[in-house]
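**Student:** For reference, the structure I am asking about is given below.
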Amino acid sequence: MFVIGERINGMFTDVKKAIQAQDPAPIQQLARDQVAAGANALDINVGPASPDKLGAMQWLVEITKEVVDVPLCIDSPNTEVMRVGLEAAEGNAIINSTTGEEERMEKVLPLAAEYDCPVIGLTIDAEGVPRDANGRMEIALRLVSACMEQGISTTDLYIDAVILPVNALQQVPQEVLNTLQMCKALSDPPPKTILGLSNISQGALHRELINRIYLVMALANGLDAAIVDPLDSELMDAAITSEVLLNRNVYCDDFLKAYRK
Ligand code: THG
């Protein structure tokens with residue numbers, strides 16, 4: 001599983017405070033800790049409350065790049081903020097994200113071509129998140145077609161089937177699992193699949209348990225990448241163990257140690 005660390009997000013109080021105080025230390029610590037815990041890339045999101053989103057994105061990318069050299073997943077619904085992040089990341093980036101809406105794909109997909117980086121496509125359109133797997137697949141197909149038209153390889157497209165809080169919408173987790181399976185038949189080679197895992201447990205009790213169990217289920221249904229908290233070591237152990245049991249990684253007696261960095 002390709003692990004994208006979720007913690008550099010202004011949605012978290014510690015990160016929000018550090019952005020407001022322009023204090024790089026807590027963010028650089030989160031960057032180092034997440035990579036040490038196994039993150040292959042780091043999500044960078046200024047959060048909803050930031051007054052100067054452009055400045056905050058540029059600063060977050062610059063201070064993160066000082067301490068780690070993994071790709072940075074530039075997470076913003078605003079294409080201006082996204083461009084600032086991509087520019088600061090100097091080519092080592094992932095675009096998070098476009099929806100399947102025409103106007104958004106027209107703005108975001110050329111950025112993926114220009115900066116030659118992978119792009120996450122959310123199965124969301126003007127009507128929002130579809131109710132079931134078939135609705136998600138219609139949008140996923142539009143995302144795949146649009147990438148092909150723009151000359152973006154389908155293997156550089158990550159389809160995000162959009163997991164939502166289980167406490168509000170209990171039918172969604174199963175629909176998302178079905179979507180993950182169906183994505184493999186979209187094209188040859190197929191697009192990759194990704195989820196922002198922690199959404200599933202927002203507002204719920206037993207958050208970590210819900211996250212861990214669902215990650216295992218998603219991996220068994222073909223998930224390739226996930227935005228997660230890599231500092232949850234049991235979550236990471238669950239992912240490593242799943243990949244051994246799914247025969248995606250070779251078994252050895254000390255497999256947890258072997259697959260931890
Ligand atoms: N898909 C894609 N990108 C995404 C998401 C997605 N980016 C953002 C998000 N979803 C994934 N990242 C998070 C980060 C934090 C939380 C959930 C998902 C979270 N935060 C606590 C909360 O809201 O309760 C904050 C608690 C605190 O303040 O400490 O749960 O789906 N492509």
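**Student:** Of all the residues that make up region 198-214, how many are in a helix (DSSP H, G or I), open to solvent by less than 40 Å² (accessible area, probe 1.4 Å) and free of Cβ contacts under 8 Å to residues at least 40 places away in the same chain? Give the derivation first.
**Tutor:** Initial filter on region 198-214 (in a helix (DSSP H, G or I)): 198-201, 207-214.
Checking the rest, the ones that are also open to solvent by less than 40 Å² (accessible area, probe 1.4 Å) come to 198, 200-201, 211, 214.
Narrowing further to those that are free of Cβ contacts under 8 Å to residues at least 40 places away in the same chain: 200-201, 211.
Count: 3.
**Student:** Which of (1) outside any helix (DSSP H, G or I); (2) in contact (Cβ under 8 Å) with a residue 24 or more places away in the chain; (3) closer than 23 Å to residue 101 by Cα does residue 223 not meet, given it meets every other one?
**Tutor:** All conditions pass for residue 223, except number (3).
**Student:** Taking region 1-43, which residues are closer than 30 Å to residue 244 by Cβ and among the aliphatic types (A, V, I, L, M)?
**Tutor:** Answer for region 1-43, where residues must be closer than 30 Å to residue 244 by Cβ and among the aliphatic types (A, V, I, L, M): 1, 3, 4, 8, 30, 31, 35, 36, 37, 39, 41, 42.
**Student:** If you go through region 43-50 one residue at a time, do you hit one that is farther than 27 Å from residue 193 by Cα and either within 13 Å of the ligand (Cβ to nearest atom) or of a type in the set (A, V, I, L, M) (or both)?
**Tutor:** Keep residues of region 43-50 that are farther than 27 Å from residue 193 by Cα, which gives 49-50.
This time we only want the ones that are either within 13 Å of the ligand (Cβ to nearest atom) or of a type in the set (A, V, I, L, M) (or both), so: 49.
Yes; the residues of region 43-50 include at least one that is farther than 27 Å from residue 193 by Cα and either within 13 Å of the ligand (Cβ to nearest atom) or of a type in the set (A, V, I, L, M) (or both).
**Student:** Looking at (1) surrounded by fewer than 22 Cβ atoms within 10 Å (Cβ to Cβ); (2) within 14 Å of the ligand (Cβ to nearest atom), which is the one condition that is false for residue 65?
**Tutor:** Looking at each condition in turn, residue 65 falls short on (2).
**Student:** Taking the conditions exactly as written (touching a strand residue (DSSP E or B) at 6+ places or on another chain (Cβ under 9 Å), within 16 Å of the ligand (Cβ to nearest atom) and closer than 14 Å to residue 159 by Cα), does residue 177 satisfy them or not?
**Tutor:** Numbers: touching a strand residue (DSSP E or B) at 6+ places or on another chain (Cβ under 9 Å): no; within 16 Å of the ligand (Cβ to nearest atom): yes; closer than 14 Å to residue 159 by Cα: yes.
Judged against the criteria, residue 177 is not a match.
**Student:** Go over the candidates 78, 45 one by one and state the one that is open to solvent by 40 Å² or more (accessible area, probe 1.4 Å) and within 30 Å of residue 180 (Cβ to Cβ).
**Tutor:** Working: 45 fails: open to solvent by 40 Å² or more (accessible area, probe 1.4 Å).
Exactly one of 78, 45 is open to solvent by 40 Å² or more (accessible area, probe 1.4 Å) and within 30 Å of residue 180 (Cβ to Cβ), namely 78.
**Student:** Moving on. Taking the condition in a loop (DSSP other than H, G, I, E, B), more than 10 Å from the ligand (Cβ to nearest atom) and among the β-branched types (Val, Ile, Thr), does residue 3 pass? Before the answer, list the steps.
**Tutor:** On the way: in a loop (DSSP other than H, G, I, E, B): no; more than 10 Å from the ligand (Cβ to nearest atom): yes; among the β-branched types (Val, Ile, Thr): yes.
Considered against the rule, which asks whether it is in a loop (DSSP other than H, G, I, E, B), more than 10 Å from the ligand (Cβ to nearest atom) and among the β-branched types (Val, Ile, Thr), residue 3 comes out as no.
The values are calculated or read from the model by the stated rules, or taken from the named source; none is laboratory data. Here the structure is a predicted model, which means the values were calculated and not measured. Please note: Cβ atoms are built from the backbone with ideal geometry, for glycine as well, and neighbour counts cover all protein chains shown. Ligands, DNA and RNA are stripped out before the accessible areas are found, and what is left, the full protein with its side chains, is counted by its heavy atoms. Shrake-Rupley method; radii C 1.70, N 1.55, O 1.52, S 1.80 Å.
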